[in-house]
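Encoded as structure tokens, the structure appears first; notes follow it.
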Amino acid sequence: MPSHSPTGIHDLAVADSPLPQQQQDAPSFGSDLEGGERPAKRPREDKPSGALPLACSECKRRKLKCDKAGPPCGSCIRRRCPEKCGLEEQPPRASIKSVHPSLPADTVGTLASRLSAIEELLRASHPQSSFSSSPSISRLPAHSPPTPSAQEAAVQSLEEVALADTFAPSAEPTFDLEDLTAARTSILSAPWTELSATKSSVSWIMELGLDFARPTSFEQLGEDWKSAMAKLHGLLPEKSLCYHLVAKYHEQLAWVNHILHRPSFDAEVDFYYKLVDEGRHLETCPIWLALYIMVLTLAVQGGWSSTPEEQTVRDFPSIWYAAAKRCLSLGDWQGRPQIRSILVILLFNQHAQKTSRVRASREFVTWLSSAIGIAHNLGLHLLGNDPSIMPPEEDKAFPAGANSLKRQIALVTFAHLCILDWMKATGRSYSHFITPIRCTSGPPANVNDADLSSTDWRISPASHSTITSWTLEIHRLRASKVNDKIHTSGATGHAAVMELDRALRSLPDGLPSSWTLESSAFDQANPQNRWKRSVCFGGTHTKLVSLHRRFLSEGLEPNSPYAGSAAACIKSAHIAIVSLHNIKDVGRNEWLTYSHALSASLALFTALFHALGRRAREDELEELRTPLRLAHDIFSPGDLDTLYSASLRAIVRQGDRLFASLFAASERVAQGRTGGAYEAPESFAEILDSVAKELRKPQPVFNLISPPSARAESLDTLPSFGLNLDDSPVEDFALSFFSDLGIPPLFPSWDDAVAT
């Protein structure tokens, strides 16, 4: 029996080729399965005919009986739509044997009817396209499933009713107007009766840390839930400091990962403190509270300025991070998919970048997979390019109805998931959680926050050469696709590398000209512009360094076929370091600032020692030393007090020692080649081994997290939910940081390191 599943549609592409012999000889649905065989019927050839259809076009569309008395027919006259009636003579059908003489007549007839149904479906899905009758089609869009018949729709509806959870929450939450923020969103939690329905009582007892032996009623669980929420609210600092931290986040951190709409979030913060003043703060949605707490956390951790008031909560971000995870659990983020849960997880990634802890980075991969699953449940991957299409599920984080604000935030959220998914799939892990071919959502619109409406879906995006609130996100999405291609192409040859080189160099096309300048003195007064320019321009050259450095050592040799790759690697390393040094004051609390600077520096040190070995001119050596001095300045220990993370401070110390050791080694080599007493080592790998031994000497041990100096009384009353106060020495992490970048003794030779 032919399959009518969607997956069988693609098999029609080979409908005009002979079927396997075993399929031709297989018994039909009506054969005697108990051993007796019915005599095979002789296929009947269909004679060409020009008969009228069984119904007019309108009756056929409405699936009604037609008397074919027209046009117009009696049915169309009674429905008062005679102008829609039409009876067209069907074209003569081709003989069954004329399609393929080797196919059984019933097989060809079934395939022909299926093909006709598919063509009708395509016409309905794409009314502006023309489809000609063909024995095969190439592809059916993954987002256009066959429209079920009325009977099938009724069956599906009955199944949903029969199998649905009796206490499942409504998919379309509604709130009174007085419970909405000024942005027409809501931060109120669902009632306890609805929130508790997605978990069993045993699960809530475990979640709240209660004693199983203690008799607990449903109402008592609700009171325990409120008590847990009250402790989390108690961790927030004073209102004035919170407003200051929110403003700092928007001005100094939000544009790094622009996922929040500032006017909407500010309105939600105002509404929260209205609830606090009214004594209703326990009605706040735990997921929104987690989002708010993470905004405060990042504001304390990052930015380029700090006030004395911020120092009073300097030790709180690790506690707040744990509190945000606790809020997610109390809001049942897994059982109740919400877009705010995804936003919280995206802020977790920013937190991991600032704390620079290996465990936090690895933990985020699990969070990322969960966020992508929520996005699929919310349909964020199927929004297409039509600005009128909205997420299928109503979410209280959005204004109700069709509006540009809802669509833009949904697109931005899914774009960030794609960026992280494709960037995480590096050379060490090629796995993905998102399959691009199954996603139809386009990139975010190039607009500003103020251009978005909470009532109208129409929007007028600016050109890509115009800087807006989301220009950086659009570029990063394009860059992540190229990065994914680099790591998943599997190509290692030089020709493939040069092809990927061209793809990377095409990324700045269409970007604002201010983001493509190489001058380190550009726009010093605007840190946001400097940061975005570094991400777009410097980030591209950082990728070029990693792409070409596998051919660097060989390309530096005379008459090497890889000389072009070596030159490209050295030039891109120079540009990347200049770009990173230009944001030294802005990006000092970002892990990527140091990892990218060190990666580019290792390429330049390779070129420097090779130039020393072949006795290059002094001006050529100085051309390599100049960007290396800038990179060393990025690792200057003089700014340690401005770094929030203790692990970042350890990385800076180790980096400073590494640069000092390599510069000292280069001076010894330079003295040896000019007739000094120093005897140069055999290879650059030997120099790196000696530097590694120097770095492994014992250093002072620092704890990652200092004990909090304030609000200790609030912490004593917190339930046990794991604060993740990592007491491992930061020097161990610093060594793993350099090992991940190819520093010995992880690799036996420098050639193995640069090939990684």
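Every number here is computed from the coordinates shown, using simple stated rules; none is lab data. Just so you know, these numbers come straight off a predicted model, no measurement behind them. With ideal geometry, Cβ positions are generated from the backbone for all residues, glycine too; neighbour counts draw on all protein chains shown.
Points worth noting:
- Cα gyration tensor category, rounded, prolate or oblate, for region 192-451 with a/c compared to 1.5: rounded
- Taking amide H positions as modeled 1.01 Å from N, with prolines and chain starts lacking one, the residues under 5 Å from Thr284 and 5 or more places away or on another chain are Ser189.
- Two-site label geometry, Asp633 and Glu251: point separation in nm, points 7 Å out along Cα→Cβ: 2.7
- Low-density loop positions, GluC sites (Glu not before Pro), region 203-286 - DSSP coil, at most 10 other Cβ in 10 Å: Glu278
- Rounded FRET efficiency, nearest 0.05, which uses the C-beta distance separating Arg458 from Ser200 and R0 of 60 Å: 0.85
- For region 192-451, averaging the sequence separation of C-alpha pairs within contact (under 8 Å, six or more residues apart) and dividing by the residue count gives a relative contact order of 17 percent.
- Net length available on complete extension from Arg61 to Ser369 is 106.5 nm, with 0.36 nm assigned per residue and the Cα-Cα distance removed.
- Total formal charge among the other residues, if their Cβ is under 9 angstrom from that of Asp332, Lys/Arg +1 and Asp/Glu -1: +1
- Net +/- balance of residues flanking Phe663 in space, Cβ distance below 9 Å, scoring K and R +1, D and E -1: +1
- Packing here is the average count of other Cβ atoms within 10 Å per residue, and on that basis the peptides 683-689, 623-629, 564-570, highest first, run 564-570, 683-689, 623-629.
- Cut-off 12 Å between beta-carbons: net charge of the residues surrounding Glu590, Lys and Arg +1, Asp and Glu -1: +2
- Between Leu640 and Ser514, full extension at 0.36 nm per residue minus the direct alpha carbon distance yields a gain of 42.3 nm.
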